[in-house]
Amino acid sequence: MSLNTIMHIATSGLFTSQKGIRTVTQNVSNVNTPGYVRLQHNQYIREIGGTGQGVETGLVTRAADRFLAAAALAASSSAGNAGGRSSYLENVQAAFGDPTSSGSIFASLNRTLKAFETGVLNPGSTSARRGAISELQNFLSRVSTISQTVDAARVDADQRVSDQVQRVNKLLEDIAAANSEISRAIAVGDATGIQQRQADMIQELSTYVDVKVIQRPEGTSEIRTSSGLLLAGHDAAKLSFTPSGTGSNIFDRIKIQYGSDPTLREFEPDLQSGSLRGLLDVRDRDLGKIAHSLGELAGGFTDALNAVHNQNATLPPLSSAKGADTGLMSTDALGFTGKTTIAVVNADGLLVSKVEIDFDTGAITVNGVPSGSTGTTIGSFVTALNAALGSNGTATFINGRLQLEAAPPVPATSKPNGFVFDEPETGGSKRGNRAFAHFFGLNDLVQSGNPVNYVTGLRATDAHGFVAGSVIKMQLVSPNGGLTTQKSITIPPGNIGDVMAALNDPNTGLGLYGSFVLDNQGAMKWVPSPGQSELRLELTEDVGPRGTTSLSFGALFGISSKSRELRAQSIAVNPAIVADPNKLGFARPDVTNVLVGGLAVGLADSRGAQALFDTSKTKLSFLETPNGEPRFMTLADFTSSVGGDIGRVASQAKSDKETADSFKDEADARRANVEGVNLDEELVKLTTFQQAYSAAARMIKAVDEMYDTLLQAV
């Protein structure tokens, strides 16, 4: 073996040891870097013509374990998913309060009902009325606050979706760019630094989106969702999302496009885990269900109290009874059955006049004397009622509201007369599921900016009252957020039946997936076809208002989930009652067998207060889902059910988060044990490389001495 050969062998050992020392140094310096994968120094025998000629240094590689990396990414996605839900649900649960606490919504409801019970014992007490009004205000305010908390949480989750979508887009761009850098770096030498940086980006991406990594032979990575949707390779996909903001009727869905293709495609069905999935689920499912339940609670309680209070009476009586917006037009069919009585009484509760109405026969009598006929429409009835009131008052129907005004007292200094409304024990009036005064809201205790009862009494033959040619937009969304169908339906001229035919058209409407049904009480409901019950109906663009009223199609029939939810935020005690507690009705009128001049309302009567308290015992109709079947429960039971559901979901979300975090910690620990830096091992390697370096250096020195000896000999 020549001295030159020995020199080449020793030099290769020197350089190889140097590179090994450099690799160990890199590992040791990153021993505390989270997610760092240790580098592996690779070397092999240099062979020329079958003879060993020293050592060669191979590419430095990362000690990555694909199985453990995939497990860690999956665990990271699961933790992100659970974490995205848990914090929101905990905050909403806290808003309800501890059921055992005096500050909870449950305790507030109990105090309200007890305040009505106090009114039973003290019907003439102004103090008892003030107490009942105060407790009712507190309860309604609590419901409204919780609803606003839920709404704010949904908006915040929606905004976080937007923020995370932007971050995901940046990560995908950088991952794709890193692939190009890796290809170039491998061509000229070491790509481990870029690969580590790319791995860190993929790890962060996995907290937002469930991903799987496919390693290409050339060292680059292809990123897909668990379902196989390509996110990044040589090019990057781009997600599209617009936050909806406060008060929006509908939330946007995440779309995706890839490379130069401008087509936006659905992304949410391919999103199975990660914080984005958690945020979408908590926004649409968890918080959406809570918002709906709060709307049902507010609507059911309000409607039950108003049903009672519209039959209650006060002294002095109502001089002005202005109803709520019913969404009706004067041309609509009257639609009432049974009997009702509108009585005019003086400030002492003595009967001045009574107008008895028999909707079945159409007869109107005043103080037992026939006065005329109701007619067949709302307009004809109001005209007949106005005539029947005569000099005692007026009746008008404007913009969907019925209003009764008592005539001014004569002389002007005397106490004014007012109205009370009486229903017979059997055969009382009904339109849909509400009595006459209740339907029009003539003596509501609780007022709302949105309808609380969607039983309209309308018929398919009634004119629809919306602008023909206007467009209503609806869509059906699957549980995973995928858009099943989206329709723009033109309102035809004609009646409500014509509108429903357009909605149910199998081609231009939603007829392939279900049908809209108007029952005999005028309630409209979406009935999904078999196998389609999981689809969520969303009204994305409404039409209206109907005629001269203020109600849109979605608000009138409760088709808009947003209008149902907003019931919880728009309820308040009637301002006139707040201003004058004596207008809180604790009495019940009795005019059936009373002649003019007789006592129709007694100040000591507590039957109205008892009826208000009894709403706590009455089973009311609540919908668990917007298109579900009604459940009949007492108010307290439904409130407890809502609170229990929230507690259970929040507890499960917390448990899921703890479990997911535990799995993530375990996966990260196992990965670190295999891929991480072990100082003892690295120091052993460092010692070995140092010794090899010293040996190679000594060999070079020996060759140098041998050269000197030969030169001297020559």
Next item on the list: Give, rounded to the nearest 20 debye, the magnitude of the charge dipole that the chain has about its Cα centre when Lys and Arg contribute +1 at Cβ and Asp and Glu contribute -1 at Cβ.
Entry: 640 debye
Item checked: Angle in degrees between helix 635-675 and the longest Cα principal axis of the chain, rounded to the nearest 10 -> 0 degrees
Item checked: Cα-Cα P(r), segment 592-710, percent of pairs per 10 Å interval -> 9, 13, 12, 11, 10, 8, 7, 7, 6, 5, 4, 3, 2, 1, 0
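Among I194, I223, which comes first, second and so on when ranked by fewest other beta-carbon atoms within 10 Å?
Listed from fewest to most nearby Cβ atoms, that is I194, I223.
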Next item on the list: With an 8 Å cut-off on Cα pairs and a minimum separation of 6 or more residues, tell me the relative contact order of the chain in percent.
Entry: 19 percent
Next item on the list: Report the longest stretch of the chain that contains none of the trypsin sites (Lys or Arg not before Pro) sitting in a DSSP loop with at most 12 other Cβ atoms within 10 Å.
Entry: 1-616
Checklist line | CD proxy at 222 nm, helix term only [per DSSP H run n ≥ 4: -39500 (n - 2.57); per residue of the chain; nearest 500] | finding: -15000 deg cm²/dmol
Notebook entry, point to check: Could you give me the ³J(HN,Hα) list for segment 273-288, computed from phi with Karplus coefficients 6.51, -1.76, 1.60 and θ = phi - 60°, whole Hz, x at Gly and Pro?
Noted result: 8, x, 5, 4, 5, x, 5, 5, 5, 6, 5, 8, 8, 4, 5, x
Margin query: What do you get for the angle between helix 679-713 and the principal long axis of the chain? Use alpha-carbon atoms, 0 to 90 degrees, nearest ten.
Written below: 30 degrees
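Read-outs: derived from the displayed coordinates by stated rules, not from any lab. Since the model is a prediction, treat every value here as computed from it, not as a measurement. All Cβ positions, even for glycine, are placed from backbone atoms using ideal geometry, and neighbour counts span all protein chains on display.
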